[in-house]
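Readers should treat all values here as calculations from the given coordinates under stated rules, not as data from a laboratory. Note that the coordinates shown come from a computational prediction; the quantities given were computed from them, not determined experimentally. Here the Cβ positions follow ideal geometry from the backbone for every residue, glycine too, while neighbour counts run over all protein chains shown.
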Amino acid sequence: MKAPSLCLQNLRTILTVSLLTLCLVSAGLAQTTYTITDLTPGGSYSVGFGINASGQVTGQFVTTDNSGNSAIHAFLYSGGSMTDLGTLGGNSSSGIGINASGQVTGNSYTTGNYFYHAFLYSGGSMTDLGTLPGGSYSGGSGINDSGQITGYSYTTGDSTVHAFLYSGGNMTDLGTLPGGSYSGGSGINDSGQVTGFFTSGVGTVHAFLYSGGSMTDLGTLSGGSYSQGQGINDSGQVVGLSDTSNGAFHAFLYTPGTGMVDLNTLLPSGSGLTLNYAYAINDAGQITGYGTNPNGAPHAFLLSPANVPFSTFAVKLEISGTPPNSFETVGSFTLGAGSNGINPVNEMVTLTLGTFSITIPKNSFTRTSEGVFNYEGRVDGVPLEFRIAPAATTGYTFKAEGSSATGLPTTNPVTVVLTVGDDTGAKTAKRE
């Protein structure tokens, strides 16, 4: 079996990143100006693939190997200087993902330049992550702040490819869903949830969400047969692309408990863009990718939720009963920048626990002289007590208890979403 070309392997990523970099931002979004830094001044070739919140960048660039020949190496750009990350003994490597600590994952050819393996670069050294049992090739795609990595690896005999999760020095085969043969991991969040793609039993490709030890088929948009998960945030929301009934590709957003939705259906009228590919989503729910304008020209986009996200959101969750019928959730939140404050007396309050959701209508809460908001009653037949109390200038604590509820989630972890008026927060919590 001939070794796949490292450059060809990254072609899809290169094209996507180049498109995002070179295209104009949609005219429907606020314009801004930028400064630009050439990361390889005087160099012949370089591409950035990943960036963290500190502005550290990873990618690949052309350098010279020990024999004086041109070679492509992974790099880490930090503090104004570029570091050659080297290789695993071969002549080529590429950095794909980077976390908040500056750890990098990607792929590199090993000695002999026949096999390439996923790597972790940390503390100045590159570690070979190996492959799944029996495989010869692997590649890292995403890394979270705990250093967990997802990507893909060939398996026994190099006859198929599976997504993997690398954690604590061990590479775990995420497999595929029944009837599938191929899978690959693309994105990973800080809870270790993974998204990517797998081939179904009928030869089509679907996006997946791996969480709590099991893989879920996210399906496609209505009428479609192909989808791919690309990015995932800490709330377990997934973005990617899916074809539609007319064969066109549209960007999607998958939210646990809600399902997959065409992002084009969430745009205001007259936006001027058709969104084709969603590439990444952050914890504030902002999404980036690319779309096309009425003339067919590709434009990068940034979507920002109309709701104002909490700047901090912490939650603990207990669910009890067989089947589950009672819950208690306690937590805290801080209002985000741009919030006009909250007043649950005059605003709807919605609590979502995975597949279960309950909304308290306006004018249902009461407010004490200390500014504490209380609700006690029934919503959709569920006895519910809810308390929201101020804890700081823009901070609050909350507690909600319900019983005799149907449809509570049986999975673990669970995505908890609290929305008060137009202020909202989401967090993935392990059931206690």
Quiz item: Along the positive direction of the dipole of the chain (beta-carbon charges: Lys, Arg +1; Asp, Glu -1; about the Cα centre), which of 274, 408, 147 reaches farthest?
Solution: 274
Quiz item: Amide H neighbours of residue 71 under 5 Å, counting only residues 5+ apart in sequence or on other chains, H built in-plane at 1.01 Å?
Solution: 63, 64, 65
Self-check item: Inter-part distance where segment 46-63 and segment 164-198 are each reduced to a Cα centre, Å
Solution: 24
Self-check item: For the chain, built as a Gaussian network whose Cα springs stay under 10 Å, the top-fluctuating residue of 156, 288, 329
Solution: 156
Quiz item: Taking the simple approach of a point 7 Å from Cα along Cα-to-Cβ for both residue 340 and residue 66, what is their distance in nm?
Solution: 6.7
Quiz item: In terms of modelled amide H atoms, which long-range or inter-chain residues lie less than 5 Å from the amide H of residue 276?
Solution: 251, 290, 291, 292
Quiz item: Order of 159-166, 93-100 by packing, highest average Cβ count within 10 Å first?
Solution: 93-100, 159-166
Quiz item: In the Gaussian network model of the chain, springs joining C-alpha atoms below 10 Å, which of 404, 242, 67 carries the largest mean-square fluctuation?
Solution: 67
Quiz item: Which FRET efficiency value, to the nearest 0.05, do you get for residue 355 and residue 101 by plugging their Cβ-Cβ distance into 1/(1 + (r/R0)^6) with R0 = 45 Å?
Solution: 0.85
Quiz item: Order of 358, 51 from fewest to most other C-beta atoms within 10 Å?
Solution: 51, 358
Quiz item: How would you rank 287, 36, 360, going from fewest to most other Cβ atoms within 10 Å of each one's own Cβ?
Solution: 36, 360, 287
Quiz item: To the nearest 10 degrees, how steep is helix 11-22 against the longest Cα principal axis of the chain, on a 0 to 90 scale?
Solution: 70
Self-check item: Which of 176, 366, 411 has the fewest Cβ neighbours within 10 Å, and the rest in rising order
Solution: 366, 411, 176
Quiz prompt | Estimated vicinal HN-Hα couplings, Hz - segment 108-114 in sequence order (Karplus 6.51, -1.76, 1.60; Gly, Pro = x) | solution = 8, 5, 8, 3, x, 6, 9
Quiz item: Magnitude of the Cβ-charge dipole of the chain, K/R +1 and D/E -1, about the Cα centre, nearest 20 debye?
Solution: 200
Exercise. Could you run the Karplus curve 6.51 cos²θ - 1.76 cosθ + 1.60 with θ = phi - 60° over segment 147-157 and give me ³J(HN,Hα) per residue in whole Hz, x for Gly and Pro?
Key: x, 6, 10, 10, x, 9, 8, 5, 10, 3, x
Practice problem: Describe numerically, in nm with one decimal, the distance between label points set 7 Å from Cα along Cα→Cβ at residue 181 and at residue 370. | Solution: 6.6
Quiz prompt | q = 0.08, 0.15 Å⁻¹, segment 6-303: log10 I(q)/I(0) [Debye, one scatterer per Cα] | solution = -0.34, -1.20
Practice problem: Quote the relative contact order of segment 308-429 in percent (integer), defining contacts as alpha-carbon pairs under 8 Å separated by 6+ residues. | Solution: 33
Quiz prompt | Ordering of 102-112, 246-256 by packing [mean C-beta count within 10 Å, highest first] | solution = 102-112, 246-256
Quiz item: For segment 317-332, in order, what is each residue's ³J(HN,Hα) by Karplus, 6.51 cos²θ - 1.76 cosθ + 1.60 with θ = phi - 60°, in whole Hz (x at glycine and Pro)?
Solution: 9, 10, 10, 9, x, 10, x, x, 9, 10, 8, 9, 10, 10, x, 8
Practice problem: Would you look at the GNM of the chain, springs on alpha carbons closer than 10 Å, and say which of 59, 381, 331 moves the most? | Solution: 381
Quiz item: From a point 7 Å beyond the Cα of residue 78 in the direction of its Cβ, which residues of segment 144-184 have a backbone N at a distance under 16 Å?
Solution: 144-148
Quiz prompt | Stretch gain in nm, segment residue 314-residue 245, where the contour uses 0.36 nm per residue and the Cα spacing is subtracted | solution = 20.8 nm
Quiz item: the chain: longest stretch without exposed trypsin sites (Lys or Arg not before Pro) (DSSP loop, at most 14 other Cβ within 10 Å), sites themselves excluded?
Solution: 3-361
